[in-house]
Amino acid sequence: MLSGVTVITVTRDIFRAGREAMLEQCLRSVQEQSLRPVEHIVVDGASADGTTALLEMYRRRGWIRLVSEPDRGVYDAMNKGLALAQGRYAAFLNSDDFYHDRTWLARSVQALEASGAACSSAPVLCMDEADRSRLDLAPRWADMFCSMSVNHQSLLMPTEVLRRLGGFSLRFPVQADWELLLRFLLSGGRYAVLTDAGCTYREFGLSARTPRRELLAERMAILEQVLRPLGADADDCRSICDFGHVPGPLARGIEERLHPAHRAAFAERNRQTARRKARRWCWTYSHRPDRAVLRVLGVTLWDRRFPLSMPEKFQS
């Protein structure tokens, strides 16, 4: 195994999407990293639009290791790259994202080794379709049991830790990265946070293109799967989705499994959401894809639920 980093990028039909310039920017940003050695594995889903020929050119230059074959989705391809990785650490960089800081991987490795953590994270820059950049929010690890609050483009983890976790679950086609990080936290994993951004992502990715109802259904399915061993039921998971608050007994079970360095932040965050939930008890009106509710002083005057059609892909 190498002493450096493996970066894994997944591609499919880049020409058809009109993103060949973005792919070149992605590949070049890895090639220009100051850290050595850096292995860049590109897993292509058997593209039929000329993407494979373009990637073959970069393979001949020595920039990438290339695999091109059919897959069962983006997380299946990411798992293939993880299985091939030879670096001590692994990162996942989408084909339309890039490192804008050439020292980014070196600084991430330094943060991991200095802290003894098994995952590093950081703020990222977000770029819109007009190529305008803005600073996205810093990682909010204490919020992770309510939603994906860390940008996966900024993450660096030991390859063996990712393999020990079993890689990404193919049951969740859009948010399997969140599910993996929940398992990481519940295994007692420790994270480190860098203060400045070194990666830029474009905001029209897979989750941005997925209907909100599907995202919510997948989110519920992830919570139920990950938290069921701690005694969570569907009502607990719905409380998390509705209020961002983890109910007391469940919260204590989660806290016991977190790394000791992260327990206080999780507990304080949950106390804050409990206060917010109490305010919403006084007066609540909300309308979401799965539910519309009007509640005053804890009395529900109107509550209509719209069953989330749970696609087969989320079923056990």
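Output the residues belonging to the range 231-240 that are free of Cβ contacts under 8 Å to residues at least 40 places away in the same chain and of a type outside the set (S, T, N, Q).
G231, A232, D233, A234, D235, D236, C237, R238 - these are the residues of the range 231-240 that are free of Cβ contacts under 8 Å to residues at least 40 places away in the same chain and of a type outside the set (S, T, N, Q).
When only residues in the range 106-151 that are in contact with an Asp or Glu (Cβ under 8 Å, 6 or more places away or on another chain) and closer than 25 Å to A267 by Cβ count, which is most open to solvent (accessible area, probe 1.4 Å)?
My answer is M148.
Please determine, by comparing only the residues of the range 1-28 that are under 15 Å from S108 (Cα atoms) and not hydrophobic (A, V, I, L, M, F, W, C), which one is surrounded by the most Cβ atoms within 10 Å (Cβ to Cβ).
The residue in question is T6.
Give me the pairs, please: first residue somewhere in the range 83-101 and more than 21 Å from T52 (Cα to Cα) and open to solvent by less than 20 Å² (accessible area, probe 1.4 Å), second residue anywhere and of a type outside the set (A, V, I, L, M) and in a strand (DSSP E or B), beta-carbon distance under 6 Å, and either six or more positions apart or on two chains.
Pairs that qualify, where the first residue is more than 21 Å from T52 (Cα to Cα) and open to solvent by less than 20 Å² (accessible area, probe 1.4 Å) and the partner is of a type outside the set (A, V, I, L, M) and in a strand (DSSP E or B), are G87/T6; G87/E39; Y89/P158; A90/T6; Y99/C199.
If I ask for residues that are more than 10 Å from the chain's Cα centre (by Cα) and open to solvent by 30 Å² or more (accessible area, probe 1.4 Å), which ones from the range 152-168 would you list?
E160, R163, R164, L165, G166
Go through S34, S3 for me and flag whichever is out of contact with any Asp or Glu (no Cβ under 8 Å at 6 or more places or on another chain) and at pLDDT below 95.
That would be S3, the only listed residue that is out of contact with any Asp or Glu (no Cβ under 8 Å at 6 or more places or on another chain) and at pLDDT below 95.
Please verify whether the range 68-76 includes one or more residues that are out of contact with any Gly (no Cβ under 7 Å at 6 or more places or on another chain), buried (at least 16 other Cβ atoms within 10 Å of the Cβ) and over 23 Å from Q175 (Cα atoms).
yes
Starting from the range 137-163, keep only residues that are touching a residue at least 24 places away in the same chain (Cβ under 8 Å), then list their pairs with residues that are open to solvent by less than 30 Å² (accessible area, probe 1.4 Å) and polar (S, T, N, Q) whose Cβ atoms are within a distance under 6 Å, requiring at least 6 positions of separation or different chains.
Once the first residue is touching a residue at least 24 places away in the same chain (Cβ under 8 Å) and sits in the range 137-163, its partners that are open to solvent by less than 30 Å² (accessible area, probe 1.4 Å) and polar (S, T, N, Q) give P139/S121; D143/S149; V150/S121; S154/S121; L155/S121; L156/S108; L156/S120.
Could you identify the single residue in D136, D76 that is out of contact with any helix residue (DSSP H, G or I) (no Cβ under 7 Å at 6 or more places or on another chain) and more than 30 Å from V246 (Cα to Cα)?
That would be D76, the only listed residue that is out of contact with any helix residue (DSSP H, G or I) (no Cβ under 7 Å at 6 or more places or on another chain) and more than 30 Å from V246 (Cα to Cα).
Pick from the range 105-142 the residues that are of a type in the set (A, V, I, L, M) and part of a strand (DSSP E or B): which of them is farthest from I254 (Cα to Cα)?
M127
Within the range 174-227, restricting attention to residues that are in a strand (DSSP E or B) and among the β-branched types (V, I, T), which residue is farthest from A138 (Cα to Cα)?
Only one residue fits best here, namely T200.
The values are calculated or read from the model by the stated rules, or taken from the named source; none is laboratory data. Quantities reported herein were computed from a predicted structural model and do not represent experimental measurements. In this analysis, Cβ positions are derived from the backbone assuming ideal geometry, glycine residues included, and neighbour counts consider all displayed protein chains. Surface accessibility is based on the protein's heavy atoms, side chains included, excluding ligands, DNA and RNA. Shrake-Rupley method; radii C 1.70, N 1.55, O 1.52, S 1.80 Å.
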